[in-house]
Amino acid sequence: MKLSLVGRSSKQSPTLKLNETAAILKAKGEPIIHLGGGEPKGKAPLDAVTRAAALLNSAEVRYSPPDGLVETKQAVIRYTEEFYGVRPKPNQVMISVGSKQALFFAIQTILDQQDELIFPSPHWVSYQEMAKMVGAIAVPVLAEDGGFKPSLKDLADRVTSQTKAILLNSPNNPSGALYSAEFMKEIVEYTKKKGLYLIMDDIYHRLLYDNKKAVSVFDYTEFDENCNIIVINGVSKLYAMTGFRVGWAVANSKIIEAMANIQAHTNSAPSPITQIAAAGALNGIQSGVEAMRLQLENNRNVMYNRLKTLDGLHLTKPDGTFYMFADFSTYSKDSIKLANLLLEKVRVAVMPGVEFGMEGYLRLSFNIPTKQIIEGIERIKWALDPNAPKELYIGERKLVRDWL
Ligand SMILES: Cc1ncc(COP(=O)(O)O)c(C=O)c1O
């Protein structure tokens with residue numbers, strides 16, 4: 001018996017797979033350093049936890065409305081007003097199971113079979129799969145100048161009569177690159193003029209460094225019922241709440257209604273327990289966000305300065321997120337092979353760049369304790385540098401380099 005086309009062509013998420021492999025090795029007592037992870041390691045805010053616990057303790061946990069609990073939507077409305085400068089109406093907001101689901105429902109709502117979804121590359125691993133699942137065509141676009149930020153011209157050159165939407169993720173996973181205010185203005189005006197949807201994956205929008213500030217798309221257009229923009233966001237990264245699975249979409253009410261209908265018939269809505277937790281995080285004490293951002297900025301600097309000492313490595317300092325996307329092609333043109341070597345030989349987990357659309361690169365996360373970053377990079381250097389001493393100790397374990 002045959003699986004459907006979608007069933008046959010769906011691919012495992014490489015990031016989740018790496019987490020699984022790293023967790024298995026760790027459970028076996030292996031001294032893993034996980035530079036591949038996509039989640040902050042801090043604790044969820046107390047305001048989130050106490051709200052969730054109170055609802056759970058009531059033992060009355062019911063279905064949520066398909067577009068989300070009123071309280072969570074109100075929290076998102078307030079957040080949107082604070083960080084985007086517009087105040088959506090309740091029917092312009094939907095709460096979803098992580099921002100991932102909001103992205104998928106948005107793609108499902110606006111793209112038909114064979115329609116094209118354009119996005120800058122390097123890009124997050126799931127965009128392509130999501131487009132494929134609705135029969136649409138993913139069009140990742142690399143920058144002509146070889147950098148991490150395809151220009152408006154690079155993107156516009158790929159627009160055809162089948163193009164329905166452009167999807168932006170700024171700052172970007174995996175590169176950490178942030179688009180300028182000037183670019184955002186251009187892309188907002190361009191998509192509006194061309195009648196294209198603009199989907200903003202803003203999941204990292206406040207994890208920025210060097211005093212950079214998030215740019216709101218709504219600085220350059222009205223947010224009304226004719227607006228072509230869908231903003232996606234969530235609590236996973238900013239509040240260290242990846243496991244709670246709460247995200248949201250802000251868009252015109254026609255889009256939101258369609259997305260909520262899809263949600264109603266598939267997962268109903270996120271659990272009210274985690275929705276209430278998200279409302280707690282969004283409305284509660286915010287000092288944890290800034291503390292995490294500062295810690296990440298320090299980790300980014302440590303990682304950057306240490307990686308810079310590897311000969312031949314090409315490195316761009318990320319503006320935001322918690323990822324560094326480094327060009328390791330002088331060491332290996334095959335990023336899967338290189339990532340496997342690092343995991344196997346020195347127990348350092350990193351993500352191969354090819355999964356994000358750029359071969360020869362590795363994505364290294366700096367959302368782990370600074371000490372582990374230092375140790376991880378020391379091990380990478382040892383594994384790749386033929387001039388390093390032949391032996392390395394990891395705890396009691398003596399490694400002898402026999403692969404260079
Ligand atoms: C660019 C990007 N978008 C969306 C998500 C999904 O986040 P969540 O579903 O946890 O809100 C991730 C998670 O890694 C991501 O990196």
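No value in this document is a laboratory result; all are computed from the given coordinates. This one's a predicted model, so the numbers in the text were calculated from it and none came from an experiment. Backbone-built Cβ (ideal geometry, glycine too); neighbour counts: all protein chains shown.
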Scan around His34 for amide H atoms under 5 Å from its own, H built in the peptide plane at 1.01 Å from N, and keep only partners 5 or more places away or cross-chain.
-> Ala349
Evaluate 2.2 N^0.38 Å with N set to the residue count of the stretch 99-139, then give the Cα radius of gyration divided by it.
-> 1.02
Mean separation of Cα contacts under 8 Å (6+ apart) over length of the stretch 64-173, as relative contact order % = 23 percent
Can you work out ³J(HN,Hα) from phi for every residue in the stretch 219-225, in order, using Karplus 6.51 cos²θ - 1.76 cosθ + 1.60 and θ = phi - 60°, giving whole Hz and x for Gly and Pro?
-> 6, 10, 7, 6, 9, 9, 6
How about the stretch 138-247: which chymotrypsin sites (Phe, Trp or Tyr not before Pro) there lie in a loop by DSSP and see at most 16 other Cβ atoms within 10 Å?
-> Tyr220
Sorting Gln286, Gly312, Met200 by the position of each Cα along the dipole of the chain (Lys, Arg +1; Asp, Glu -1; all at Cβ), the one nearest the positive end of that ordering is Gly312
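Quick one: putting +1 on the C-beta of Lys and Arg, -1 on the C-beta of Asp and Glu, what dipole do you get for the chain around its Cα centre, in Debye to the nearest 20?
It works out to roughly 960 debye.
Let me check I have the definition right: for the stretch 61-283, take the eigenvalues of the Cα gyration tensor, multiply each by 5, take square roots. What are those semi-axes in whole Å, largest first?
26, 19, 16
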Surface/4 estimate of mean projected area, convex hull on alpha-carbon atoms of the stretch 81-166, nm² = 7.0 nm²
In straight Cα distance, which aspartates and glutamates are under 18 Å from Lys41, not counting same-chain residues fewer than 8 positions off?
-> Glu20, Glu290, Glu297, Glu375
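What is the Å³ per residue value for the convex hull set by the Cα atoms of the stretch 163-260?
Details: hull volume 11.1 nm³, N = 98.
Once divided by residue count, the hull of the stretch 163-260 is 114 Å³.
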So, relative contact order of the stretch 61-283 in percent, Cα under 8 Å, 6 or more apart, is 31 percent
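Using the count of nearby Cβ atoms within 10 Å as a rough guide to exposure, how do Trp124, Trp248, Trp403 rank from fewest to most?
So the ranking, lowest neighbour count to highest, is Trp403, Trp124, Trp248.
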Could you let me know the centre-to-centre spacing of the stretch 64-95 and the stretch 365-404, using Cα atoms, in angstrom?
-> 47 Å
Let me have the relative contact order for the chain, percent, based on Cα pairs under 8 Å that are six or more residues apart.
-> 23 percent
Any idea how far the Cα center of the stretch 304-337 sits from the one of the stretch 251-285, in Å?
-> 37 Å
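In which sequence would Leu196, Leu46 go, from the one with the fewest C-beta neighbours within 10 Å to the one with the most?
Least to most surrounded, the residues fall as Leu46, Leu196.
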Per principal axis, largest first, the Cα atoms of the stretch 296-398 extend in Å by 37, 29, 21
Just how far, in whole angstrom, is the stretch 341-356 from the stretch 1-50 if you go by their alpha carbon centroids?
-> 14 Å
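Just need the Rg to Rh number for the chain, please, alpha carbons only, Kirkwood Rh.
Working: Rg = 21.6 Å, Rh = 22.1 Å.
Computed over Cα atoms, the ratio is 0.97.
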Could you put Val354, Val348 in order, starting from the residue whose Cβ has the fewest other Cβ atoms within 10 Å?
-> Val354, Val348
Taking N as the residue count of the stretch 159-205, its alpha carbon Rg divided by 2.2 N^0.38 Å gives 1.19
Pairs Lys192/Lys337; Lys11/Lys73; Lys28/Lys237; Lys89/Lys192; Lys17/Lys132: which are spaced more than 31 Å apart, C-alpha to C-alpha?
-> Lys192/Lys337; Lys11/Lys73
